[in-house]
Amino acid sequence: MKTTFDVLVAGAGAGGICAALAAARSGAKVLLLEKADKVGGTGVHSPVSLICKFHGTDHRPINLGIHRELFPFAYLHSTQDFRPRAPRLTYDEQDLYQKYLALLAAEPMLTVATGEGVQSVQMSGRRIAEICTDLGRKVSAAVYIDATANGNLSAMAGCRAMKGREGDGALQSATLVFGMGNIDKKKLIVPEFKTRGGLSSLWRELTALYRKAKEEGRTVNPKSSVVAFPYPDGNRLLFNSNEITGVDPTMPGAEEEAKQKGQVLVNELIDILREHPAFKEASIEFVAHKMGIREGRRIVGDYVLNEADCLGEARFEDMIAACAYEIDIHDPEGGPTRMVNIPGSGYYHIPYRSLVAADTENLLMGSRCISGTHEAHSSYRVISGVSAIGQAAGTAAALAAKYTGGEIRQVRPEWIRYVLREQVQFVEGDLVCPPDWKSPYSE
Ligand SMILES: Cc1cc2nc3c(=O)[nH]c(=O)nc-3n(C[C@H](O)[C@H](O)[C@H](O)COP(=O)(O)OP(=O)(O)OC[C@H]3O[C@@H](n4cnc5c(N)ncnc54)[C@H](O)[C@@H]3O)c2cc1C
C-alpha cells in the first residue's frame, strides 16, 4: 500500500519533532517516522541533562520557537540562569518525553509512526520519488526531511556526506550516561549540588576518588574527571562521565559494540563512586539503553557552515535559525574537551543553504546532520540548535509543498522567516509574506 503526504520527516528526536510540528502548524499533511519504539531520540533515550545556552551576550533569547514550548521554565527563569555562577539549568527526560507526546498529539495534520524506519529510497533523477519503510510501507511526499541525526535518509538517497574532523575523519567520542539517586548529600563536603559551587565541589570530591582508582588501574575510562549534573529535583544525578572513542554510528553494529564498552566503564565508575560515603547506598536509577552518539554523517549542502562562521558571529542573507552555544568538541581520542565561546554578540546565523542537500531537489536536513564542519557541528548539535534547525526545515518544507511543487531551492528564505516569525521564532533579516498566505494563527 502506498500513502502520500506533503512532508515526510524521518527521525523523531528534537530536530524531527520540531520539524514535524512546524510543518503541520504551517498547514502541511505530515508523516513523522521513527524507527525506535518511542519518539524522543537522544535527548530522551540517552538523556543529556543540560538546557544549553540559547541567549546572546545581551541576554536576549535567540531561540523563541518550539524550544520554548519544550522548556518553558528555562525562559521563566530568564537569562539570569546562564550567568557563570547560577545553577546549571537541567531537565528531566521523562518530562521532555511527555511534552513531546502532548505537542505531537495536538496536531491534526500530523501522523506519527513509531517502530517504523525508512529502509530504502527510490530516486527519480535528483528527486526522492518515494521511500520504503522497514514494515514494507511505501510513502511518497513532496518534500522529505532527514532528521535521523546521522544523515541516514540522505545517505540512502545517495547524497555526499562528510564524517569526522578534517585530516583523519575522527569523530567526537560517545558516552553511555547513567543516573543515580538516593545520595546521602549530608556526607558531601558541600551538601547541596544544585548550586554551581556545590556542583564543583562534588566534581572535585568524586574526581579525586576517580583519579586514584585510575592510577591503580581500576578503570580503563580515558576521561580525566567525573562529570555529573543534578536533575531539577536536586536529588538525583545524571553522569556524563565516560568517553568511548572510535565509534562510527554509520557502521553496522558500532553502537551496540560501543554500548558494551560503555557498560564496563559505567560499572567501573559505580564501584568507585560507592567508595564515597554519600554514594554507599545510592541507587542506580538507570543506565541509558541507547548509546549517546555525538557525531555521525554531516550531509553536504549548498553551504558548509564552518568554525570561522560560528566564531565570527556570521550573519547570512538566508538565515533561518541562530545558535548561541559554544564550540564543544569531545576529543576523538578521549582527551580534554575543547570549548570556545561564541564571542561578541554571542550567536551566529544558520543559513538555509546548510539545510538543503546539495545532491537533491526535495530533501532538507532537519537535525544535527546539516551541512557543517566537525567544529561547527560541535556547536549547533545541542538541543537548542537542533530544535531551531528542525523548526526551520519543517516550515520550509511546508512552503515548498504548497508553493513550489517540492522544489526546496525555490522557497525564499524571506518566506520562511515570515512564517517562523508568525510562530514567534527569533529571526533576523527581511520578511516577505508568501503569496496568498493564510496564517494558521490568524483564526
Ligand atoms: C552524551 C551526550 C551528552 C549531550 N549533552 C547535551 C546537553 O547537555 N544539552 C544539549 O542540548 N545537547 C546535548 N547533547 C547533544 C544533543 O542531545 C543531540 O545532539 C540532539 O539531541 C540530537 O537531536 P537530533 O534530533 O539531531 O537527533 P536524535 O535525537 O538522535 O534523533 C534522531 C532519531 O532518528 C531516528 N532514526 C535514525 N535512523 C532512522 C531511520 N532510518 N528512519 C527513521 N528514524 C530514524 C533515531 O532512532 C532517533 O530517534 C549531548 C549528546 C550526547 C551524546
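The values are calculated or read from the model by the stated rules, or taken from the named source; none is laboratory data. Just so it is clear, the structure is predicted and the values come from calculations on it, not from any experiment. Here Cβ is always computed from backbone atoms with ideal geometry, including for glycine, and neighbour counts include all displayed protein chains. To get the accessible areas, we keep the full protein, side chains included, count just its heavy atoms, and leave off ligands, DNA and RNA. Shrake-Rupley method; radii C 1.70, N 1.55, O 1.52, S 1.80 Å.
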Criterion violated by L96 - all others in (1) more than 11 Å from the ligand (Cβ to nearest atom); (2) within 25 Å of S49 (Cβ to Cβ); (3) not in a loop (DSSP other than H, G, I, E, B); (4) not acidic (D, E) satisfied: (1)
Residue list for the range 109-152, filter: of a type in the set (G, A, S), open to solvent by less than 30 Å² (accessible area, probe 1.4 Å) and away from the ligand (no atom under 11 Å from the Cβ): S140, A141, A142
Sole exception among (1) open to solvent by 10 Å² or more (accessible area, probe 1.4 Å); (2) in a helix (DSSP H, G or I); (3) in contact with a Leu (Cβ under 9 Å, 6 or more places away or on another chain) for R68, by number: (3)
Residue within the range 22-37 that is within 6 Å of the ligand (Cβ to nearest atom) and closer than 30 Å to D436 by Cβ present: no
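Of everything in the range 403-415 that's assigned to a helix (DSSP H, G or I) and over 22 Å from H67 (Cβ atoms), which residue is nearest to the chain's Cα centre (by Cα)? Steps first, answer last, please.
Applying the first criterion (assigned to a helix (DSSP H, G or I)) to the range 403-415 yields 403, 408-410, 413-415.
Narrowing the set further to residues that are over 22 Å from H67 (Cβ atoms) leaves 403, 408-410, 414.
On the way: Y403: 29, I408: 23, R409: 25, Q410: 27, E414: 25 Å.
Checking each candidate, the answer is I408.
Restricting to the range 175-212, name every residue that is part of a strand (DSSP E or B) and under 19 Å from E281 (Cβ atoms). If you could, list the steps in order and put the result at the bottom.
Here is the first cut: in the range 175-212, the residues part of a strand (DSSP E or B) are 175, 178-181.
Across the range 175-212, the qualifying residues are F178, G179, M180, G181.
Residues are listed down the side, and each one gets a yes or a no for (1) part of a helix (DSSP H, G or I); (2) touching an Asp or Glu at 6+ places or on another chain (Cβ under 9 Å); (3) surrounded by fewer than 22 Cβ atoms within 10 Å (Cβ to Cβ):
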{"site": "Q391", "(1), (2), (3)": "yes, no, no"}
{"site": "A398", "(1), (2), (3)": "yes, yes, no"}
{"site": "A401", "(1), (2), (3)": "yes, yes, no"}
{"site": "R417", "(1), (2), (3)": "yes, yes, no"}
{"site": "V432", "(1), (2), (3)": "no, yes, yes"}
{"site": "D436", "(1), (2), (3)": "no, no, yes"}
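Quick grid of which residues meet (1) open to solvent by less than 20 Å² (accessible area, probe 1.4 Å); (2) touching a Ser or Thr at 6+ places or on another chain (Cβ under 7 Å):
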position	(1), (2)
A282	yes, no
G296	yes, yes
A308	no, no
I329	yes, yes
M339	no, no
V356	yes, no
L363	yes, yes
S371	yes, yes
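For (1) outside the structural domain of A228 (by TED's automatic domain parsing); (2) at pLDDT 95 or above; (3) among the charged types (D, E, K, R); (4) outside any strand (DSSP E or B), each residue gets a yes or a no:
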| position | (1), (2), (3), (4) |
| --- | --- |
| A278 | no, yes, no, yes |
| A308 | yes, yes, no, yes |
| D328 | yes, yes, yes, no |
| D331 | yes, no, yes, yes |
| P336 | yes, no, no, yes |
| R353 | yes, yes, yes, yes |
| D359 | yes, yes, yes, yes |
Unmet requirement for L199, which otherwise passes all of (1) hydrophobic (A, V, I, L, M, F, W, C); (2) crowded, with 22+ Cβ neighbours inside 10 Å; (3) touching a Phe, Trp or Tyr at 6+ places or on another chain (Cβ under 6 Å): (2)
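Residues C18, C52: which one is near the ligand (Cβ under 9 Å from one of its atoms) and assigned to a helix (DSSP H, G or I)? Even if it seems obvious, please write down each step before you answer.
Numbers: C52 fails: assigned to a helix (DSSP H, G or I).
Answer to the check: C18.
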